[in-house]
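Have a look at the structure below before the remarks.
The values are calculated or read from the model by the stated rules, or taken from the named source; none is laboratory data. No experiment lies behind these values; they were computed from the predicted model shown. A quick note on method: Cβ atoms are made from the backbone with ideal geometry, for glycine too, and the neighbour counts reach across all protein chains shown.
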């Protein structure tokens, strides 16, 4: 079917009640989105930033540990490369990783120039720590364990400094809906819904020459996650409906040490940063046994998939609902100076890590997959870019190396901005006109209540431990949720749009996980416990073809 006759899939929504025009739309206000916006505007292009909540409410602010880069004496990009490739379990794109670790130190220094203040020693040198999978201290941190909050503060301040600039527009409290395209299928802008607190109300259309998806993760697919409530996979869902390719969705990293709040805890859970283990805290069971010793040369500092599996195995062996993190030997001063955020979080839940063990268990944390891009952030749809956790750049492979996420968002944001600027200079960033002649296939909306059921289905079937049976059950359960009730039509609103996006992303994730018949990185199948390089050292790409998911 040609692009001129194929239907366009879009969420059920009112017709746009307002329109605006800009050069570049950036969707998301984390490190990836704001860095892109600042660089693009510095070159003179008009930019509109759309964010789902407040400007500083994205995933970046929740990052505790830090940002990884070869900044320390004796460290090199080559060593950072090697640690990243090992963690990625054979699926990293080595060219992407080499680019990341080579450009990373310079990008971090430019972030500092933007205003981010990292922790330093008495001589003014940046303090560096270790995290899982790193053989050297290369994690720069801020405020002890508040790195993301400091980076977010600096970037938000830089954006607000140019708020009087007519070339910069910010729309907060806005949910992106769908991509607008021209007759050739190229990006022409997007539609979005602004909730009452935003600058514009209701559904509108933004006509733009380029769209950058920096929408963050999809952790809300699962019942328990470290992700904020806004992380409902909206960018990935939009990209699928627009015809873009997504890749590696099956590789969802479950952070090993999330504060255990009880068997019925749901939603965003408090993270206990890997940097706590990097500074010498130990994982123990109820008997005080350090069960990770002997499982890996780095013990508690093994890559995250190995530590998460180690915790789950010990939980199964002992019948326990969680394990413990022991940092009592740090003493009060170290907890207060190095990990004040985590200390306050634990104490708010009745646990004092200075004198008590911290109960921990794995929870959904980071998506290594996303919208497939090249090294310049291009997706398979012309004019549509993706960066940060919403993207699959090839850097993470089957398992993200700790603290590479902020670096990836930063480096690829700079690369996307440079590409947009260069294309504009060469006259290749031409305005596109929305094609209003193609038929629109309206995607029916799921009820808001479906969100909780999607999370239950995914947690039971496609969580840390997976099998053909559990995932097939999940696929069936998700399919049943999508069957429309002829007697009921859901009203277009944020909750129904989010539930529908979550359902599409969950369905794509479950289908890819079921297809990959091996254990690799953070994809752990009990019925296929070995890594199979002969058949599965390859990426699974997912597309949406006439409403049907195609994975291969």
- Task: Considering every residue within segment 214-231, establish whether at least one is modelled with pLDDT of 95 or more, farther than 30 Å from residue 515 by Cα, touching a helix residue (DSSP H, G or I) at 6+ places or on another chain (Cβ under 9 Å) and crowded, with 20+ Cβ neighbours inside 10 Å.
- Result: no
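Output the number of residues of segment 61-79 satisfying the condition of being buried (at least 24 other Cβ atoms within 10 Å of the Cβ) and touching a helix residue (DSSP H, G or I) at 6+ places or on another chain (Cβ under 6 Å).
Summing the residues that are buried (at least 24 other Cβ atoms within 10 Å of the Cβ) and touching a helix residue (DSSP H, G or I) at 6+ places or on another chain (Cβ under 6 Å) in segment 61-79 gives 6.
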- Would segment 279-294 turn up any residue that is surrounded by fewer than 24 Cβ atoms within 10 Å (Cβ to Cβ) and within 30 Å of residue 377 (Cβ to Cβ)? no
- Item | Index of the failed condition, residue 82 passing every other in (1) within 17 Å of the chain's Cα centre (by Cα); (2) assigned to a helix (DSSP H, G or I); (3) surrounded by fewer than 22 Cβ atoms within 10 Å (Cβ to Cβ) | (1)
- Looking at this structure, is residue 408 assigned to a helix (DSSP H, G or I), touching a helix residue (DSSP H, G or I) at 6+ places or on another chain (Cβ under 8 Å), without any contact (Cβ under 8 Å) to a residue 40 or more places away in the chain and closer than 28 Å to residue 513 by Cβ? no
- Kindly establish whether residue 445 is part of a helix (DSSP H, G or I) and either modelled with pLDDT of 95 or more or crowded, with 21+ Cβ neighbours inside 10 Å (or both). no
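Given the criteria under 20 Å from the mean Cα position of the chain (by Cα), surrounded by 24 or more Cβ atoms within 10 Å (Cβ to Cβ) and at pLDDT 95 or above, does residue 390 qualify? Let's see the steps before the verdict.
Numbers: under 20 Å from the mean Cα position of the chain (by Cα): yes; surrounded by 24 or more Cβ atoms within 10 Å (Cβ to Cβ): yes; at pLDDT 95 or above: yes.
Yes, satisfied.
If you check 509, 515, 504, which single one turns out to be closer than 19 Å to residue 400 by Cβ and modelled with pLDDT of 95 or more?
Details: 515 fails: closer than 19 Å to residue 400 by Cβ; 504 fails: closer than 19 Å to residue 400 by Cβ.
One residue alone meets the criteria, 509.
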- Message: Of the residues 124, 132, only one is in contact (Cβ under 8 Å) with a residue 40 or more places away in the chain and either in contact with a helix residue (DSSP H, G or I) (Cβ under 7 Å, 6 or more places away or on another chain) or not assigned by TED's automatic domain parsing to the domain that holds residue 25 (or both); which?
- Response: 132
- From the list 315, 334, which one is closer than 18 Å to residue 465 by Cβ and assigned to a helix (DSSP H, G or I)? 315
- When you go through 98, 110, 41, 61 one by one, which is the residue that is within 30 Å of residue 175 (Cβ to Cβ), assigned to a helix (DSSP H, G or I) and under 23 Å from the mean Cα position of the chain (by Cα)? 61
- Within segment 5-32, the residues that are farther than 24 Å from residue 427 by Cα and under 25 Å from the mean Cα position of the chain (by Cα) are 9, 10, 11, 28, 29, 30, 31, 32
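For segment 464-500, what are the residues that are touching a strand residue (DSSP E or B) at 6+ places or on another chain (Cβ under 8 Å) and outside any loop (DSSP other than H, G, I, E, B)? Steps first, please.
First, the residues of segment 464-500 that are touching a strand residue (DSSP E or B) at 6+ places or on another chain (Cβ under 8 Å): 464, 466-468, 492, 494, 497-498, 500.
Passing the criteria: 466, 468, 494, 497, 498, 500.
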- Only one of 45, 81 is more than 25 Å from residue 143 (Cα to Cα) and free of Cβ contacts under 8 Å to residues at least 40 places away in the same chain, namely 81
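Mind checking which residues of segment 52-77 are free of Cβ contacts under 8 Å to residues at least 24 places away in the same chain and closer than 25 Å to residue 339 by Cα? Working first, answer last.
So the first thing to find is which residues in segment 52-77 are free of Cβ contacts under 8 Å to residues at least 24 places away in the same chain, and the list is 73, 76.
Across segment 52-77, the qualifying residue is only 73.
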